[in-house]
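The values are calculated or read from the model by the stated rules, or taken from the named source; none is laboratory data. Keep in mind it's a predicted model, so treat the numbers as computed, not measured. Note: ideal-geometry Cβ built from the backbone for every residue, glycine included; neighbour counts use all protein chains shown. Calculation scope for accessible area: heavy atoms of the full protein, side chains included, ligands and nucleic acids excluded. Shrake-Rupley method; radii C 1.70, N 1.55, O 1.52, S 1.80 Å.
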Amino acid sequence: QSWGAAAALLGGSNTNQAHLPDGEGGGSDEDSDDDESSKRTNSRRKILIEPIQDKNKRQITFNKRKNGILKKAKDLHILTGAQVLLFVSSETGGLFEFVSPSLAS
């Protein structure tokens, strides 16, 4: 199945590359002192969005992100009353969906 047309309609592209802004990421900054960097150890880091080669890690990431996007769809419906229809297809052919109750009937 090709989702290229759907991605084009939503403004997406096939090359989702996110690069870290200058001064952010795993490198150390010469200007920062140790106290500042130790305060930021519990914060989330930006990751480079690129294909995951390891099959096991890819499956784990897929499941975590799938659950996250399904939860976001449900939250969007509950908070705003929006009618939401979401389909997620895995590389193994599994199909997952969220359908607002008003659309299901």
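Worth a mention:
- Among (1) exposed (fewer than 10 other Cβ atoms within 10 Å of the Cβ); (2) modelled with pLDDT of 50 or more - the single one Ser28 does not satisfy: (2)
- Sole residue being open to solvent by less than 100 Å² (accessible area, probe 1.4 Å) and modelled with pLDDT of 95 or more, chosen from Lys71, Lys66: Lys66
- Filter pass, Thr61 being of a type in the set (Val, Ile, Thr), over 30 Å from Ser102 (Cα atoms) and at pLDDT 50 or above: yes
- Residue satisfying all of: in the stretch 82-96; open to solvent by 50 Å² or more (accessible area, probe 1.4 Å) and without any contact (Cβ under 8 Å) to a residue 12 or more places away in the chain; nearest to Gln59 (Cα to Cα) among these: Thr92
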